[in-house]
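Visitor: I'd like to ask you about the structure that follows.
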Amino acid sequence: MLDGIRQEMRAGVLADEASLVSALVEQTGLSEAARADIAKQAASLVAAVRGTKSVGIMESFLAEYGLSTKEGVALMCLAEAMLRVPDAPTVDALIKDKITPHDWDAHMGDSGSILVNATTWALMLT
């Protein structure tokens, strides 16, 4: 199943974006009214999330590993590259390349979030 999805993704790499989006919209089989309703619901969810005052795990994680840190950039590069990795050995090599050279223990205990600190510990072990 994943191989088929990856092949479709690779085929779309140099495709015309407008044509590709139009084809994907057609594949959904949704009416214009249904798409408008989904957009309205999505906007409502975004407004609700932006209106909350509590700090979630993602906000804590991004505060610790923002793009202003070498480690944050490495994680972003890893996440983006993982979408195009064809097989497990390449995944392993990519993780080693992006995770190994960084100073993860410099972040240990910096976050008020136990989950972010646990993630930092896991990155150190990786």
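The values are calculated or read from the model by the stated rules, or taken from the named source; none is laboratory data. Just so we're clear, the structure is a prediction, and the values are computed from it rather than from any experiment. Cβ sites come from the backbone with ideal geometry, for glycine too, and all protein chains shown count toward neighbours. Side chains are part of the model used for accessible areas, which takes the heavy atoms of the whole protein and leaves out ligands, DNA and RNA. Shrake-Rupley method; radii C 1.70, N 1.55, O 1.52, S 1.80 Å.
Visitor: Exactly one of these conditions fails for ALA74: (1) touching a helix residue (DSSP H, G or I) at 6+ places or on another chain (Cβ under 7 Å); (2) modelled with pLDDT under 90; (3) not polar (S, T, N, Q). Give me its number.
Guide: (2)
Visitor: For the structure I just gave you, tell me whether ASP110 is within 30 Å of ALA11 (Cα to Cα) and open to solvent by 50 Å² or more (accessible area, probe 1.4 Å).
Guide: In short, no.
Visitor: Just one of (1) outside any helix (DSSP H, G or I); (2) more than 29 Å from LEU2 (Cα to Cα); (3) of a type outside the set (S, T, N, Q); (4) over 22 Å from the mean Cα position of the chain (by Cα) trips up ALA36, so point out which.
Guide: ALA36 satisfies every listed condition except (1).
Visitor: Then there is this: Which condition breaks for MET9 when tested against (1) in contact (Cβ under 8 Å) with a residue 40 or more places away in the chain; (2) touching a helix residue (DSSP H, G or I) at 6+ places or on another chain (Cβ under 9 Å)?
Guide: (2) is the only condition that MET9 fails.
Visitor: Conditions first: (1) open to solvent by 70 Å² or more (accessible area, probe 1.4 Å); (2) within 28 Å of GLY4 (Cα to Cα); (3) outside any helix (DSSP H, G or I); (4) aliphatic (A, V, I, L, M). MET76 passes all but one, so which condition is the exception?
Guide: Unmet condition: (3).
Visitor: Related question: Out of all the residues in the range 1-31, which are small (Gly, Ala, Ser), surrounded by fewer than 10 Cβ atoms within 10 Å (Cβ to Cβ) and either in contact with a Phe, Trp or Tyr (Cβ under 7 Å, 6 or more places away or on another chain) or modelled with pLDDT under 90 (or both)?
Guide: If the condition is that a residue be small (Gly, Ala, Ser), surrounded by fewer than 10 Cβ atoms within 10 Å (Cβ to Cβ) and either in contact with a Phe, Trp or Tyr (Cβ under 7 Å, 6 or more places away or on another chain) or modelled with pLDDT under 90 (or both), then GLY4 is the only one that fits.
Visitor: So which pairs qualify, if the first residue must be in the range 109-124 and modelled with pLDDT of 85 or more, the second must be buried (at least 18 other Cβ atoms within 10 Å of the Cβ) and outside any helix (DSSP H, G or I), the Cβ gap must be under 6 Å, and the two must be at least 6 apart or on different chains?
Guide: Taking only residues 6 or more apart or on different chains, the pairs are ASN117/SER111.
Visitor: Of the residues SER44, SER60, which single one is open to solvent by less than 80 Å² (accessible area, probe 1.4 Å), part of a helix (DSSP H, G or I), in contact (Cβ under 8 Å) with a residue 40 or more places away in the chain and among the polar types (S, T, N, Q)?
Guide: From the options SER44, SER60, the qualifying one is SER60.
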